[in-house]
Structure formats: C-alpha cells, structure tokens
Amino acid sequence: MEKIRMVDLKRQYEKIQDEIDNAVLDVVRSTQYINGPDVKQFQQELEEYLDVKHVIPCANCTDALQVAIMSLDLKPGDEVITTSFTFVATVEVISLLGLTPVLVDVYEDTFNINPMEICRMITGRTKAIIPVHLFGQSANMDEIMTIAKNHNLYVIEDNAQAIGADYIYSKKRRKKAGTIGHIGCTSFFPSKNLGCYGDGGAIFTNNQNLAEKMRNIVNHGMTTRYYHNYVGVNSRLDSIQAAILRIKLKYLDQYTKLRRQAADYYDKAFEGNENLIIPARSSFSTHVFHQYTLKTRNIDRDKLKEYLDSKNIPAMIYYPVPMHLQEPYKSFRYRQKEGDLPVTESLSKSVISLPMHTELDKEQQDHIISHVLDFVNKNRL
Ligand SMILES: *Cc1c(COP(=O)(O)O)cnc(C)c1O
C-alpha cells in the first residue's frame, strides 16, 4: 500500500509532472519572474472559471484578507464580525488593522457561521462580516447578504477552503463560493484544493471601484509608477506559481470529483455509527471536501488521534482551540470567554479530520476506516 498522507501532493504532481516541469522551465527561461504573462493569463482564466468580473492575484490569502479590509476605509475600533471556528488568519488581519474582531458561534452541523449569532452582535460600530466557507462548503450567504444589506455592512468571504464549491440559490441558479459578497479571498497554499507549489492567493470582486483600489493596494498603493494614492503593501503572485496554477485550474473540477468520491466512501463506512457523525451536506452549497471532518461522540477524540498516529495514519484536529480562547483575541467585552460560544467550543473538542486528497485509493481508505472503527468499537465511553 502507498504511504498514507493527510494530503498527497507527491502522487498528484507525478500525474502532471511533464506539464508542470515544462511550464516552470518556460518561466525560468523567460526570466519574467515577476508579473510575467502567466499571471495575467491565470487571472483571466480564474475570472472565467468563477464567473467573476475581477480577480486580483496576490501573495497569499492572509494578504488577500488584509487588502480586502484595507480597501473598505474602516476606522480604528470599527468592528468586524467573523467566526471563532476558523484558521487564525481570518481574525489576525482584523486586529492587525486596528479593528475589533467580534467572534461568533457556528452551526453545529456544517461548522459555518450562524447568521442569527451575527445579528445578535451587530452594534453601531459594526462595519463588515467575514464568513468563512469552512472545510469546503459555503456559509449561508443568502441570510448573510440580507443582514449586510439591512445594516449597511460589507461582506468579505474567506474562501480559502472552498474554491470550486457552488452556492445554490435554487435548482437553476448557482454562483461560485467567494463571488457572492462584496469581496472574496482565496489561498493557493499547497494543501488547499487549488494549491500551487509555494504561497499564493487571490482576491475576487464584481465591484469595479473596489477592484481598482485593491489592485493598487497590492502594488504599494500605486496608480501610476511612483505615484502613491493609498498606503499599500507588496503582495504578488509569482510567475512560476501562476504557471503551475494555470495547469492545476484545468484539473480543479476533476480533483473535486475525486475528493467527493473519497468522502462518499468514508460516509458509507461511518454512516449510522453511534460514535461518529459524518459531515453534513448543506442544502445551499455543494461540498468540495477541503477536509473530511467527523464529529465524535462518547469516545476520547484525542486518544483516537493518538491511536491513528501510532498506526501511521495521519489525522488532524481543525481546530483544537477556537479563536475566542486564543490569548491575543480574548475580550471580555464581546462575550469571548470560555463558555460563551458553546457550539464552537464543543466542536473544537469533538472533531477529527481524516486524510482527504485527490490520490486516496480504496485500499488506503479501507485501512483508515478499519482502524477508526477498531478504535471506536473497543473504546466507547
Ligand atoms: C489557509 C487559510 C487562510 C490563509 O491562507 P494563506 O494563503 O496561508 O495565507 C485563511 N483562511 C482560511 C480559512 C484558511 O484555511
């Protein structure tokens, strides 16, 4: 059996090695390492794939989120509502810009931000909402956009984990996750669903003014060379990464299909188990399975992870400590102490993510499944 990895980038690369090697060498030989033609071409191809007017490539998703917030002209102390059950980047950039992150609870089934909880935390200082499309499914964008409209708020989608997912309005009407709010952000970190071979990110928007401004901000706030209209940053997607992403974008839907097949196979094995709850499928989003995350019940989740580790089966806990309980983001004013976000806190103690990638085969999955079930059957509390 092939070695089981949480994400198998090696075997994925081997299948497209010739294409990738040629593309990378072409860039190397061209010497156009910064803003070479592949960057613009990738931008256009991604715009087409997402059906969005503007894609702004940048260095990573953390930068994308920061630049998105910078474009909104917020003032110190303004509040941005987001989920506590996320990767730190979402929250970090809010604090970094002198704004106040207001962290709220999530739905128990999809792990995504709960719009009712957003409503409860809106104040006169609230200026924006950042939903995170966690583990591969879109948050409830209909409700979030309605709340935003009623309170005159911006919506920035953190789409680092759900590129390619469809938000479903109705049978006929769909939009790509990340293109519904005012701004969407994504990551091309190697392990993401559309990953490059280093760091990379992008910002999406249908708003012409915001697009122009963000294009300037990622380039030192510069409109014309050496004339600076805004305080900016230096955040670019490398030409080599863009060349790699152009190839991988062609395979993205196929990769998603393989992830779904692997998820369905896990589902069949775990469905109905009293100690394992399989990932819920949202009615308003397709699932691209950035992670395959089980909720455990009446077993010791940490011991399960230790057991799998001991069998050389990698598993991960996303996320063991919610953001509202992390030292820099604790704030008593905003209901952010232990016990304040019960769903998030309980999830952080009960979830476990199993290996999920485009190269998982049945033999590997059978091996993973049998060890998970073995532990569960012998260690019910
Ligand atoms: C990975 C990730 C990010 C950060 O992406 P980088 O490209 O590493 O900066 C932000 N938000 C979420 C939800 C992520 O999963």
Nearest-10 value in Å² for the accessible area of residue 228, using the 1.4 Å probe: 110
³J(HN,Hα), Karplus 6.51/-1.76/1.60, whole Hz, each residue of segment 140-155, x for Gly, Pro: 6, 5, 3, 5, 5, 5, 5, 4, 4, 5, 5, 10, 6, 10, 7, 10
Dipole of segment 247-306 (Lys/Arg Cβ +1, Asp/Glu Cβ -1, origin at the Cα centre): which of 254, 282, 292 lies farthest to the positive side? 254
Over the chain, what is the percentage of antiparallel beta bridges among all DSSP beta bridges, to the nearest 5? 65
Note, ³J(HN,Hα) from phi for segment 120-125, Karplus 6.51, -1.76, 1.60, rounded to Hz, x at Gly and Pro: 5, 9, 6, 10, x, 9
Rounded accessible area per residue of the chain, 1.4 Å, Å²: 44
A 30 angstrom limit on the alpha carbon distance is what I want to check against. Which of 40/149; 303/362; 15/268; 40/176; 10/330 exceed it? 40/149; 10/330
Whichever aspartates and glutamates have a C-alpha closer than 14 Å to that of residue 53, once near sequence neighbours (fewer than 8 apart) are set aside: 45, 212
Provide the solvent-accessible area of residue 173, counting protein heavy atoms only and rolling a 1.4 Å probe, rounded to the nearest 10 Å². 130
Radius of gyration and maximum dimension Dmax of the chain, Cα, Å: 20.9, 68
Estimated FRET transfer efficiency when R0 is 56 angstrom, pair residue 271-residue 40 (beta carbons, to 0.05): 0.75
Which listed residue (331, 270, 367) has the Cα farthest towards the positive end of the charge dipole for segment 252-378, taking +1 on Lys and Arg C-beta and -1 on Asp and Glu C-beta about the Cα centre? 331
Dipole check, the chain, charges on Cβ (K,R +1; D,E -1), about Cα centroid: among 54, 240, 165 the Cα furthest to the positive pole belongs to 54
Rounded to the nearest 20 debye, dipole of segment 49-180 from Cβ charges on Lys, Arg, Asp, Glu: 560
Restrict the search to segment 192-239; then list the trypsin sites (Lys or Arg not before Pro) that DSSP places in a loop and that have at most 15 other Cβ atoms within 10 Å of their Cβ. 225
Taking the Cα centre as origin and putting +1 on Lys and Arg beta-carbons and -1 on Asp and Glu beta-carbons, what dipole magnitude results for segment 252-378, to the nearest 20 debye? 440
Given Cβ point charges of +1 (Lys, Arg) and -1 (Asp, Glu) and nothing else, what value in debye, to the nearest 20, does the dipole of the chain about its Cα centre take? 540
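The values are calculated or read from the model by the stated rules, or taken from the named source; none is laboratory data. Everything quoted here is computed from the prediction, not taken from an experiment. Because the Cβ atoms are built from the backbone with ideal geometry, glycine has one as well, and the counts that use them run over all protein chains shown. Keep in mind that these areas ignore ligands, DNA and RNA; they rest on the heavy atoms of the full protein, side chains included. Shrake-Rupley method; radii C 1.70, N 1.55, O 1.52, S 1.80 Å.
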